[in-house]
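The values are calculated or read from the model by the stated rules, or taken from the named source; none is laboratory data. As the structure is a computational prediction, the values presented were derived from the model and not from experiment. Reconstructed Cβ throughout: ideal geometry from the backbone, glycine too, with neighbour counts over all protein chains shown. Remember, those area values only see protein heavy atoms, side chains included, never the ligands or the DNA or RNA. Shrake-Rupley method; radii C 1.70, N 1.55, O 1.52, S 1.80 Å.
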Amino acid sequence: LDAQKLMKLGVLPGPMYAKIKSGETITLDSGQVISPGDVMGANIPGRTIVVGGDSCDSTQLHKVAQGADVLVHEATLENSLAEQCVQNGHSTPGRKV
């Protein structure tokens, strides 16, 4: 959605934006008709973000994260506590189990 174009046409953010985004043609109070093709650009693919919680067994995460754009791995303990981390079922930022 090219918000700049819509603003220049006098369309303020709100319900009309939603209609255009959903593919509807809108008519302004002035009678001007705006089609989605007038103000929509090319589709932009989304991103896949996977957030993995603190776990020493992340074998299933590999399947879920395959092909992701971003992987965030949360770890409770620091690397110097690796022994305690494994005993308690946690992970560290640098620990591979």
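In bins 5 Å wide, starting from 0, what share of all Cα pairs of the chain does each bin hold, as a percent? Percent of pairs per bin, in order: 2, 11, 17, 11, 7, 6, 6, 7, 8, 9, 8, 5, 2, 1, 0. Each other residue within a Cβ distance under 14 Å of ASP38 adds +1 if Lys or Arg and -1 if Asp or Glu, for a net charge of +2.
Per atom type, region 23-74 shows carbon and sulfur on 52% of its accessible surface, probed at 1.4 Å.
Per residue, the chain exposes 74 Å² of solvent-accessible protein surface, assessed with a 1.4 angstrom probe and all protein chains in place.
Here the gap between LYS8 and LEU28, fully extended at 0.36 nm per residue and compared with their Cα-Cα distance, gives a gain of 5.9 nm.
From helices alone, the chain scores -7000 deg cm²/dmol at 222 nm; the rule is -39500 (n - 2.57) for each run of n ≥ 4 DSSP H residues, then divide by the residue total.
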